[in-house]
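The values are calculated or read from the model by the stated rules, or taken from the named source; none is laboratory data. Since we're looking at a predicted model, the values are computed, not measured. Neighbour counts run over all protein chains shown; Cβ positions are idealised from the backbone, glycine included.
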Amino acid sequence: MAARFSGVLQLTDLDDFIGPSQECIKPIKVEKQAGKAAAKIRIEADGSYFQIDQAAAPNEQKLVVVSVSPQSRASLAAKCKMGVLETAKKLTTFLKSLGVHYVFDTTFSRNFSLLESQREFVRRFRRQTEDRKALPMLASACPGWICYAEKTHGSFIIPYISTTKSPQQVMGSLVKGYFAEQQHLTPDQIYHVTVMPCYDKKLEASRPDFFNQQYQTRDVDCVITTGEVLKLLEQEGVSLSDVDPGPLDTMLSSAAEELSTHPGGGSGGYLEHIYRHAAKELFGIHVDAIEYKPLKNKDFQEVTLQRDGEVLLQFALAYGFRNIQNLVQKLKRGKSPYHYVEVMACPSGCLNGGGQIKLEGGSKDELQHVERLYESPKAEIPEENQAVAELYEHWLGGRDSEKAVGTLHTEYHPVEKANTSFNIKW
């Protein structure tokens with residue numbers, strides 16, 4: 001069953017598969033401290049959601065929020081032979097029929113991840129002369145890669161990894177922070193579920209770094225994969241195509257009630273956004289088209305910015321364990337020429353995540369169809385999103401405030417190899 005998780009986890013002695021009928025977040029064994037037990041969720045016969053854990057009564061009612069990733073939405077759309085907007089509206093109706101109160105899109109939170117990653121890269125680039133581990137900056141949105149890095153390469157690799165939170169965990173901070181305040185609730189009065197393309201996201205949500213000690217609650221209480229949503233539909237005897245569409249929810253009244261996407265590939269477009277921003281911010285160069293140069297395989301590609309024959313920026317994307325391993329070895333030998341690398345554990349990236357719906361045959365054409373669906377909404381530029389700017393200014397107190405740093409960034413920790421897969425110290 002471990003095949004559902006990324007190859008890097010399988011190859012580092014972690015067997016972390018969790019079926020849809022089990023706890024939503026695998027209960028990692030950590031140092032016993034109050035509030036560290038993983039949350040569980042039960043769906044009753046009438047569709048009500050209840051949190052069940054050692055600290056809460058089984059019938060404790062909470063405001064239930066579900067945040068859906070754009071990769072999951074595209075996978076469901078392909079399976080149900082619908083467009084992504086229709087899928088989003090029908091999925092909203094279905095989830096609310098189960099007792100969910102709000103359904104959000106994590107494209108909104110990814111704006112923050114992209115903006116923070118851009119700014120972090122520029123800061124690192126400018127200090128590279130005094131800090132030899134400032135570059136390359138390595139993407140941090142993939143929990144399979146983060147788990148592998150912490151457990152296998154520990155203190156050597158951690159300084160290179162971006163501190164920016166993933167869209168899932170930024171969404172957790174927004175839901176349990178800003179949205180809770182708007183609803184006049186404390187963070188523990190909201191039960192936050194995410195729908196993700198990746199089983200490794202369950203591990204990410206269970207990290208102690210994303211646990212609120214004051215309110216004894218996680219930023220993300222429960223993670224279910226795209227495939228588990230399909231199983232839930234089947235268990236309820238519901239065909240998504242037959243469901244009536246419902247209006248989309250937005251976290252801010254000023255946010256557009258429509259779907260949008262970020263260009264640059266199905267893993268979120270980190271490389272392209274940071275590349276364009278850095279070219280303009282550092283060198284005053286406006287980049288129109290980005291030309292990728294495939295190396296040994298399609299999952300390892302380079303992008304280079306030159307001026308008068310001089311290399312100004314050299315970026316790469318490295319997907320899949322084989323390419324990640326090669327990248328790390330180059331770093332250890334001091335042979336990596338890159339300033340930034342978009343690292344993802346799954347070959348072909350997040351659209352091909354282990355939690356996605358595997359279509360019949362699993363052909364390349366089917367994956368490309370999911371990619372076309374993913375890219376079909378209107379592309380948006382994070383810097384131009386007024387709702388994001390509003391949150392930065394009025395809720396976070398500015399982009400450089402202590403609150404912004406605490407809300408949008410995190411830390412990583414070297415992990416000692418344990419004797420068993422359930423004895424992990426994060």
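Numbers below:
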quantity: Flag if LEU312 is at pLDDT 95 or above and more than 23 Å from the chain's Cα centre (by Cα); calculated: yes
quantity: Filter result for the condition that a residue is touching a strand residue (DSSP E or B) at 6+ places or on another chain (Cβ under 6 Å) and in a loop (DSSP other than H, G, I, E, B), over ASP249, ASP244; calculated: ASP249
quantity: Matching option when the condition is in contact (Cβ under 8 Å) with a residue 40 or more places away in the chain and either within 30 Å of ALA318 (Cα to Cα) or surrounded by fewer than 24 Cβ atoms within 10 Å (Cβ to Cβ) (or both), among GLU86, GLU130; calculated: GLU86
quantity: Single unsatisfied condition, LEU230 versus (1) over 26 Å from ALA149 (Cβ atoms); (2) without any contact (Cβ under 8 Å) to a residue 12 or more places away in the chain; calculated: (2)
quantity: Of all residues making up the stretch 208-218, the number that are surrounded by fewer than 24 Cβ atoms within 10 Å (Cβ to Cβ) and touching a residue at least 40 places away in the same chain (Cβ under 8 Å); calculated: 6
quantity: Count - residues of the stretch 382-401 that are part of a loop (DSSP other than H, G, I, E, B) and either surrounded by fewer than 16 Cβ atoms within 10 Å (Cβ to Cβ) or of a type in the set (Gly, Ala, Ser) (or both); calculated: 5
quantity: Meets criteria (in contact (Cβ under 8 Å) with a residue 12 or more places away in the chain, assigned to a helix (DSSP H, G or I) and buried (at least 23 other Cβ atoms within 10 Å of the Cβ)) for THR152; calculated: no
quantity: Unique match (being assigned to a helix (DSSP H, G or I), β-branched (Val, Ile, Thr) and in contact (Cβ under 8 Å) with a residue 60 or more places away in the chain) among VAL175, VAL193; calculated: VAL175
quantity: Scope the stretch 259-307; condition small (Gly, Ala, Ser) and out of contact with any Asp or Glu (no Cβ under 7 Å at 6 or more places or on another chain); matching residues; calculated: GLY265, GLY268, GLY269, ALA278, ALA279, GLY284, ALA289
quantity: The stretch 163-199: number of residues that are crowded, with 23+ Cβ neighbours inside 10 Å, hydroxyl-bearing (Ser, Thr, Tyr) and closer than 27 Å to ILE324 by Cα; calculated: 4
